[in-house]
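Working notes, beginning with the structure itself.
Read-outs throughout are calculated quantities, based only on the coordinates presented, and are distinct from any laboratory measurement. In this text, all values refer to a predicted model and were calculated from it rather than measured experimentally. Cβ coordinates were reconstructed from backbone atoms using ideal geometry, including for glycine residues, and neighbour counts include every protein chain displayed.
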Amino acid sequence: MFKPNFRYTDKMVNNLTQIAVAREVILNSPLIPKWEVTLRREAIIRSAHSSTAIEGNPLSLEQVSDLAAGREITVRRKDRQEVLNYLEALERISEFAQRSPFKSEDLLEVHKTVTKETLENPEDEGIFRNRQVFVGNRISGEVIFMPPPTEQVHQLMNEFLEWFNSTAVSEIDPVIEAGLTHYELVRIHPFIDGNGRAARVIATLVLYKRGFDTKRFFALDDYYDQDRRGYYAALKSVDQSTLDLTGWLEYFTDGVAVSIKAVKDKVIGLSKDIKLLKEKGQIALTERQMKIVEKIIEKGAITNREMREMFGLSDEGIRKEISKLVKLRVVKRKSKGRSISYVLV
């Protein structure tokens, strides 16, 4: 069975402490349910953009958002399909997490999902590699990483999955388990292509399955994409003779700490100024009402004219939307000369 080699350092423990505190803030914030949907959607879109961008996909965040919304965009077929594949894999995280034990067939299905109709040889989609591969610099031809020989892949994957499904992992912090899983899959490189994307999906699955990120609010891939050199340097820094993963886990927990802090700050910003949430807990708003409240938080107030421009509604339509918010005591009317605006209660 796979036996990870690492030790807890002060930096790692400090990161895990910060992560735990931020997570508690997120889970206990009186966040309006409709905003939870928005945060989850944003996290999935950012993850799909960042994870495919790391591998060279040129689509912008806006284009990925359009694809997620089902809109047609004019881009290369392969680039479009890569993003759609990753979005599908993330949407299926809860389904994959229910598979226990998680078998080779399940991992192959994840790989098939993230690579379908994108590989040069379609027969390489959803199967373990049958030939040697390496990670190299496309310009210089330099070999950056040489994974284990092809004939070892099945044994290594069996050993990894035995550990992955064992009771031993329940004794490891879920963030550490996700980091170990991510690295080992990248190290084994069990597929011809798509190893990084598959590893990042499985790391996300670990955090969901262990109950760490059940709300699916944060996108770790953002951290990797913002500093791709640092990401690859951290992966490459592991000594292949000892496989001591301490340095990699310091980097990985850094990333989780940064990513979850961003979510914590946003959650606090969205809910801190609404007194009703502190008095009555969560309330449900429509997406349009949610956008009105978000605009008030951003600017301090909103006018009827601004709402008409935002939604293309008539005066009567705007009155209906704002009257609901007034009735819920989320906003109140504020007169300023001839102009009428609305602010949070």
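Ignoring everything except DSSP H segments at least 4 long, calculate the 222 nm mean residue ellipticity for the chain; use -39,500 (n - 2.57) per segment, divide by total residues, nearest 500. Intermediate values should be presented prior to the final figure.
Numbers: 16 runs with 204 residues, N = 345.
Rounded to the nearest 500, the figure is -18500 deg cm²/dmol.
Ranked highest first by the average count of other Cβ atoms within 10 Å around their residues, in what order do 260-269, 323-332 fall?
Numbers: 260-269: 17.8, 323-332: 15.7.
By packing density, highest mean first, the sequence is 260-269, 323-332.
If packing is taken as the average number of other Cβ atoms within 10 Å across a peptide's residues, how do 220-231, 7-18 rank, most packed first?
Numbers: 220-231: 18.2, 7-18: 14.8.
In descending order of packing, they fall as 220-231, 7-18.
Please give the helix 104-115 orientation as an angle from the longest Cα principal axis of the chain, in degrees from 0 to 90, rounded to the nearest 10.
Orientation of helix 104-115: about 60 degrees from the principal axis.
Compute the Cα gyration tensor for the range 1-154, then decide on rounded, prolate or oblate, letting a ≥ b ≥ c be the square roots of its eigenvalues: rounded whenever a/c is under 1.5, prolate when a/b is larger than b/c in the other cases, and oblate in all that remain.
The shape class here is oblate.
Is there a pair in LYS103/LYS209; LYS3/LYS215; LYS3/LYS112; LYS78/LYS236; LYS215/LYS327 whose C-alpha atoms are over 22 Å apart, and which pairs would that be? Intermediate values should be presented prior to the final figure.
Values: LYS103/LYS209 15 Å; LYS3/LYS215 30 Å; LYS3/LYS112 27 Å; LYS78/LYS236 28 Å; LYS215/LYS327 29 Å.
Beyond 22 Å: LYS3/LYS215; LYS3/LYS112; LYS78/LYS236; LYS215/LYS327.
Under the rule of at least 5 residues apart or a separate chain, name every residue whose amide H is placed under 5 Å from the amide H of GLY126.
Under 5 Å from the amide H of GLY126 lie the amide H atoms of LYS112, each far enough along the sequence or on another chain.
Quick one: 3J(HN,Hα) in Hz for the range 194-206, Karplus 6.51/-1.76/1.60 with θ = phi - 60°, rounded, Gly and Pro as x.
Couplings: x, 5, x, 5, 4, 5, 6, 5, 5, 5, 5, 4, 4 Hz.
To test your reading of the geometry: what angle, between 0 and 90 degrees and rounded to tens, separates the Cα axis of helix 153-164 from the longest principal axis of the chain?
Taking Cα atoms only, the helix is inclined about 50 degrees.
In whole Hz, what ³J(HN,Hα) sequence does the range 170-187 give by Karplus (6.51, -1.76, 1.60; θ = phi - 60°), x for Gly and Pro?
5, 8, 9, 3, x, 5, 5, 4, 4, x, 5, 4, 4, 5, 5, 5, 5, 5
Taking the chain as the reference, fit the longest principal axis to its C-alpha atoms, fit the long axis of helix 315-327 to the helix C-alpha atoms, and give the angle between the two in degrees, 0 to 90, nearest 10.
For helix 315-327, the angle is close to 80 degrees.
Could you tell me which label, among (1) 19.8, 58; (2) 23.1, 79; (3) 18.9, 57, carries the value of Rg and Dmax of the Cα atoms in Å calculated for this structure?
(2)
Enumerate the amide H contacts of VAL331 below 5 Å, restricted to partners 5 or more residues apart or on another chain; note that Pro and chain-start residues carry no placed amide H.
VAL326, VAL345
Could you pull out every residue, at least 5 positions away or on a different chain, whose amide H is within less than 5 Å of the one on ASP244? Hs are placed 1.01 Å off N in the peptide plane, and Pro or chain starts have none.
Excluding prolines and chain starts, which carry no amide H, the hits are ASP239.
For the range 92-208, what log10 I(q)/I(0) values come out of the Debye formula at q = 0.12, 0.17, 0.19 1/Å, with one point per alpha carbon and no solvent?
For the range 92-208, the Cα-only Debye profile gives -0.43, -0.85, -1.05.
Give the shape of the range 155-235 as rounded, prolate or oblate, defined through the alpha-carbon gyration tensor: a ≥ b ≥ c are the square roots of its eigenvalues, a/c under 1.5 means rounded, and otherwise the shape is prolate if a/b is larger than b/c and oblate if not. Write down the numbers at each step before the final one.
Working: a/c = 1.89, a/b = 1.10, b/c = 1.72.
Note, shape of the range 155-235 comes out oblate.
Reachable aspartates and glutamates from LYS264, Cα under 18 Å, same-chain residues fewer than 8 places away excluded?
Hits, sequence-local ones excluded: GLU24, GLU36, GLU42, ASP213, ASP221, ASP222, ASP254, ASP273, GLU294, GLU298.
Going by the alpha-carbon gyration tensor, a ≥ b ≥ c the square roots of its eigenvalues, is the range 154-200 rounded (a/c under 1.5) or, if a/c is not under 1.5, prolate (a/b greater than b/c) versus oblate? Display every interim value, and only then the final one.
On the way: a/c = 3.18, a/b = 1.46, b/c = 2.17.
The shape class here is oblate.
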